[in-house]
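First comes the structure, then the notes that go with it.
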Amino acid sequence: MLKKFLFVLPFTLAGLVSNAQTILENKTVNAVPATHLDFDGINDYVNREIKGWEIETKIERSVYNRRKRKLFPYIEKLRIKMAEKFNEFENYFVIDSMPLEVCKMARSSRSKICKEVDYAIPNKGFCASQNLHFYGYKLHAICTINGVFQSFDLSPASVHDIHYLQDIKTQLSDCVILGDKGYLSQTIQLDLFNEVNIELETPKRKNQKDYKPQFYQFKKYRKRIETLFSQLCDQFMIRRNYAKSFEGFKTRILAKITTLTTIQYLNKFVFNRNINNLKINLV
């Protein structure tokens with residue numbers, strides 16, 4: 001029963017519990033690769049495995065999307081609960097951001113995507129690390145040095161990375177946060193340290209006073225979040241956007257991050273293996 005429940009858990013996050021249980025009770029299918037645990041991956045995989053079978057409880061994509069949007073707060077609570085299992089005694093975290101396009105720059109002036117609410121209208125921004133002008137949002141995230149997301153947020157593309165640090169004060173305390181030069185600010189560093197005892201470690205620019213190279217181990221830790229972003233892009237296709245509303249867009253981002261956290265949770269607490277082995281079968 002335990003194995004069956006753990007196999008169905010990722011389907012629950014994607015809103016496909018009834019379909020998955022029907023399949024598992026009636027037929028035997030091959031193990032689902034971990035990287036297929038979003039809706040499109042599961043749907044394509046299951047259709048290949050059960051070709052010719054009739055699934056009476058299959059729902060329309062629009063119905064599935066409405067259900068998933070309503071489940072947003074519950075999926076976030078589930079993700080936080082799983083992250084707390086990893087991060088309970090963590091003292092070191094890594095912060096970074098990545099661009100998320102809603103459409104190409106050429107279409108930005110006539111695009112109607114995600115414009116139903118005033119506070120979340122996408123706009124134009126620039127990603128220095130990728131030398132990329134884009135139209136959409138930024139994904140701001142904090143993870144542990146082991147590679148588990150602690151928290152994340154979305155902002156319009158023009159918002160500077162450093163503004164996300166204002167939200168950190170309500171989420172973390174008594175720890176060290178490692179960031180790149182985009183988070184370099186003496187005022188913010190002092191504010192975080194005085195209010196919640198957070199030490200913000202960023203590399204200094206070479207033309208600054210008292211310049212010293214950043215500790216090598218900190219540089220190594222900062223690469224962890226870059227790897228996580230790469231996995232989200234390559235294996236979970238987080239940059240592929242089908243959403244037309246901001247509610248749908250943020251729910252899609254949350255579902256993919258929760259799926260990643262679920263795989264890490266199963267790897268550590270069920271199968272006792274490296275949490276970042278994502279390209280493996282779960283059963």
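The values are calculated or read from the model by the stated rules, or taken from the named source; none is laboratory data. Note that the structure is a prediction, hence the values are computed from the model and not measured. Every residue, glycine as well, gets a Cβ built from its backbone with ideal geometry; the counts of neighbours run over all protein chains shown.
Of all residues in segment 83-98, those satisfying the criterion of being under 23 Å from residue 165 (Cα atoms) and either touching a helix residue (DSSP H, G or I) at 6+ places or on another chain (Cβ under 8 Å) or modelled with pLDDT of 95 or more (or both) are 83, 86, 92, 94, 95, 96, 97, 98.
Within segment 96-129, the residues that satisfy the criterion of being of a type in the set (A, V, I, L, M, F, W, C) and within 20 Å of the chain's Cα centre (by Cα) are 98, 100, 102, 103, 114, 120, 127.
Taking first residues from segment 61-81 that are within 23 Å of residue 150 (Cα to Cα) and partners that are surrounded by fewer than 11 Cβ atoms within 10 Å (Cβ to Cβ), no Cβ contact under 8 Å between residues at least 6 apart in sequence or on separate chains turns up.
When 267, 277 are checked against the criterion of being over 30 Å from residue 66 (Cβ atoms) and surrounded by fewer than 16 Cβ atoms within 10 Å (Cβ to Cβ), 277 stands alone in meeting it.
With respect to residue 92, is the statement that it is buried (at least 16 other Cβ atoms within 10 Å of the Cβ), among the hydroxyl-bearing types (Ser, Thr, Tyr) and farther than 17 Å from residue 241 by Cβ true? Yes; evaluated as a whole, the condition is true for this residue. Scanning segment 126-145 for residues that are buried (at least 20 other Cβ atoms within 10 Å of the Cβ), among the small types (Gly, Ala, Ser) and more than 17 Å from residue 230 (Cβ to Cβ) yields one hit, 136. Scanning segment 203-234 for residues that are part of a loop (DSSP other than H, G, I, E, B) and touching a residue at least 24 places away in the same chain (Cβ under 8 Å) yields a single hit, 205.
Scanning segment 230-283 for residues that are within 28 Å of residue 119 (Cα to Cα) and aromatic (Phe, Trp, Tyr) turns up 236, 242, 246, 249. Among residues of segment 105-116 that are in contact (Cβ under 8 Å) with a residue 24 or more places away in the chain, those with a beta-carbon under 7 Å from a residue that is part of a helix (DSSP H, G or I) at least six positions away or on a different chain give the pairs 114/120; 114/246; 114/249; 116/246.
Rundown of residues vs (1) hydrophobic (A, V, I, L, M, F, W, C); (2) surrounded by fewer than 18 Cβ atoms within 10 Å (Cβ to Cβ); (3) within 24 Å of the chain's Cα centre (by Cα), yes/no style:
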site	(1), (2), (3)
158	no, yes, yes
180	no, no, yes
185	no, yes, no
193	yes, yes, no
203	no, no, no
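Comparison of 150, 130 shows that the only residue that is touching a residue at least 40 places away in the same chain (Cβ under 8 Å) and of a type in the set (S, T, N, Q) is 150. Among residues of segment 104-154 being modelled with pLDDT of 90 or more and assigned to a helix (DSSP H, G or I), the one that is nearest to residue 94 (Cα to Cα) is 105.
So, of the residues in segment 155-191 that are among the hydrophobic types (A, V, I, L, M, F, W, C) and in a loop (DSSP other than H, G, I, E, B), which turns out to be farthest from residue 261 (Cα to Cα)? Of everything passing the filter in segment 155-191, 184 is farthest from residue 261 (Cα to Cα).
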